[in-house]
Amino acid sequence: MRPFVLLVAGVAALGGLLFGYDTGVISGAMLFIAHDFHLPLHMQEFVVSVVLIGAMLGAITAGASADHFGRRATLVCAGVIFGIGAIGSAVAPSPIVLIFARFVVGIAIGLSSVVSPLYISEVAPSKVRGGLVSLYQFAITIGILAAFIVDYVLAHDGSWRWMLGLAIVPSLLLLIGMIAMPESPRYLFKIGRDQEAQDELQRIHDGDGWKIEEETIRSALMQRQGASTEIFAPSVRGALFLGIALAVLQQITGINSVIYYGPRIFAATGVSGAEAAILATALVGAVNVLATLIAIFFADRIGRKPLLYAGLGCMGVGLLSLAYVFAQPGAALSGLALGSLMLYVGCFAFSLGPIVWLLISEIYPLRVRGIGMSLATLANWLANFVVSLYFLTMLHGLGGPVTFSIYAAMCVITMIVVARFVPETKHELLESISGGPAGG
Ligand code: BGC
């Protein structure tokens, strides 16, 4: 692979870094925000969840923007919005301004969560596409961990404005980086800028590989006209539902209960002291980053489906063991709680995390890829919102054993969906995947 391709994917993945940072940073910052602004509980919940509402709005507009103005322009725009949101949050004089600024940040997260993986998958040569799109998930996990470390370090003097404001650094990098990056060759063909598209393909591929890509892209584009309503055509409907199902399953197997509420889970399983609970969560965050490397190296070698099976199986084991811990609370089991969560998060990190983003960037035909990804990503944010909203209620109402067993059952259902409906997309040209088993 040419270093240039890695650079392009790396810059676009900054969108993932901001996604992780901005969703992760609030848990630590909230403590001090609540104190400074004298926020009642429902307002605190709103400051946290308004990001997810913004993300839904961003996600639903992202596809149309990516198809109309281009992938690159949309990511540049996301960089600007991330920056405005970071500054707005850092200087917010009142809760209302803070809520608005966090909503703005959410819009940027929604935009980039559609367009970053979409852009990377369109630029990547097919042999390394799995690894490069997994780089996006890697960036998300680094963002989450960085947020956690920043929260921890700045907690001493309660500098929540710095916690939120530091996101300006990756925002500027994304903005400047994307201005310098090329447009996706597939998008250029789609809008008829063929010469530029050919030039970009030649920059991406070694030797004559680009000619085959050009041919397949052109013939895919000629097959039918690309009205956005085509996403509901019978031939694409299968892919549409599969993308939405995968996006929802990624969330209802419970990942953000752990990412957003880690310290509370540890506290409930007997890890004593807030500091120990926070450190245990940081450890889980580190596993989240490191295990993603497995997907980067193996998504193109052993394929997407084997990673999904292995990851889902072990996630289920981790969840059941956590359910067991909750069934017999006591400090003696806190080590098992930590081990279970590390197993669960580590396995998510090389399977359902990256591979869902990868698959939803692969399975839609080029003509409707933007809108298809938008809908799947919207479903992802919606499911995230619902799970985060009800996790604590579930934990208190149903108890730990039932809650985590439900998540484990969801892993089994996801496995069945993978076995039954997900096509193996390893090494396939994007155009050969569209209309494959998922699209039929
Ligand atoms: C999910 C996020 C989650 C993150 C955890 C992503 O793939 O979409 O909701 O917070 O992984 O690493």
Binned at 10 Å starting from 0, the alpha-carbon pair-distance distribution of the range 40-93 in whole percents comes out as 21, 43, 26, 9, 1
Where does the charge balance sit around residue 61 when Lys and Arg score +1, Asp and Glu -1, over other residues with C-beta under 15 Å from its C-beta?
0
For a quick check of your reading of the filter: which chymotrypsin sites (Phe, Trp or Tyr not before Pro) in the range 17-72 sit in a DSSP loop and have no more than 14 other Cβ atoms within 10 Å?
69
Going from the alpha-carbon gyration tensor of the range 238-340, what semi-axes, largest first and in whole Å, does one get by taking the root of 5 times each eigenvalue?
29, 15, 13
Using alpha carbons only, how many degrees (0 to 90, rounded to 10) separate the axis of helix 334-350 from the longest principal axis of the chain?
10 degrees
Label-point separation in nm, residue 293 to residue 428, each point 7 Å along Cα→Cβ:
3.0 nm
Find how many whole Å separate the alpha carbon centroid of the range 252-317 from the alpha carbon centroid of the range 139-159.
17 Å
Over all pairs of distinct alpha carbons, what does the Kirkwood formula give as the hydrodynamic radius of the chain, in Å?
21.8 Å
How large is the helix-only mean residue ellipticity at 222 nm for the chain, computed as the sum of -39500 (n - 2.57) over DSSP H runs with n ≥ 4, divided by its residue count, in deg cm²/dmol to the nearest 500?
-27500 deg cm²/dmol
Taking only the C-alpha atoms, wrap a convex hull around the range 359-440 and report its volume per residue in Å³ as a whole number.
98 Å³
Averaged over all directions, how much area does the convex hull of the C-alpha atoms of the range 19-167 cover when projected, in nm²?
8.6 nm²
Which length gain, in nm to one decimal place, applies between residue 194 and residue 2 when the Cα-Cα distance is subtracted from 0.36 nm times their residue separation?
66.9 nm
Looking at 94, 135, 381, which one has the Cα that reaches farthest to the positive end of the dipole of the chain (charges on Cβ: Lys, Arg +1; Asp, Glu -1)?
381
Which length gain, in nm to one decimal place, applies between residue 272 and residue 94 when the Cα-Cα distance is subtracted from 0.36 nm times their residue separation?
60.6 nm
Can you tell me, using C-alpha contacts under 8 Å and at least 6 residues apart, the relative contact order of the chain as a whole percent?
24 percent
Vicinal HN-Hα couplings computed from phi for the range 245-262 (Karplus, 6.51 cos²θ - 1.76 cosθ + 1.60; Hz; Gly/Pro x)
4, 5, 4, 6, 4, 4, 8, 7, 8, x, 4, 7, 4, 7, 5, 8, 10, x
Here the longest stretch of the chain that holds no GluC sites (Glu not before Pro) in a DSSP loop having at most 16 other beta carbon atoms within 10 Å is 1-423
Just to be sure I understand the model, the point goes 7 Å from the Cα along the line to the Cβ. What's the resulting residue 393 to residue 206 distance in nm?
5.5 nm
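Sorting 386, 325, 50 on the 10 Å Cβ count, fewest up front, what's the list?
Values: 386 14, 325 26, 50 20.
Listed from fewest to most nearby Cβ atoms, that is 386, 50, 325.
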State the extension gain, in nm to one decimal, for the chain segment bounded by residue 38 and residue 317, taking 0.36 nm per residue of separation less the distance between their alpha-carbons.
96.3 nm
Running a GNM on the chain with Cα contacts under 10 Å, which residue among 315, 181, 342 ends up with the highest mean-square fluctuation?
181
Helix 400-421 axis, angle to the chain major axis (alpha carbon atoms, nearest 10°):
10 degrees
Where nothing but the Cβ of Lys and Arg (+1) and of Asp and Glu (-1) is charged, how large is the charge dipole of the chain around its Cα centre, in debye to the nearest 20?
500 debye
Which lysines have a Cα less than 27 Å from the Cα of residue 211, not counting those fewer than 8 places away in the same chain?
127, 190, 426
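The numbers here are math on the coordinates, done by the rules we state, and not lab data. All of these numbers come straight from a predicted model, not from anything done at the bench. Cβ sites come from the backbone with ideal geometry, for glycine too, and all protein chains shown count toward neighbours.
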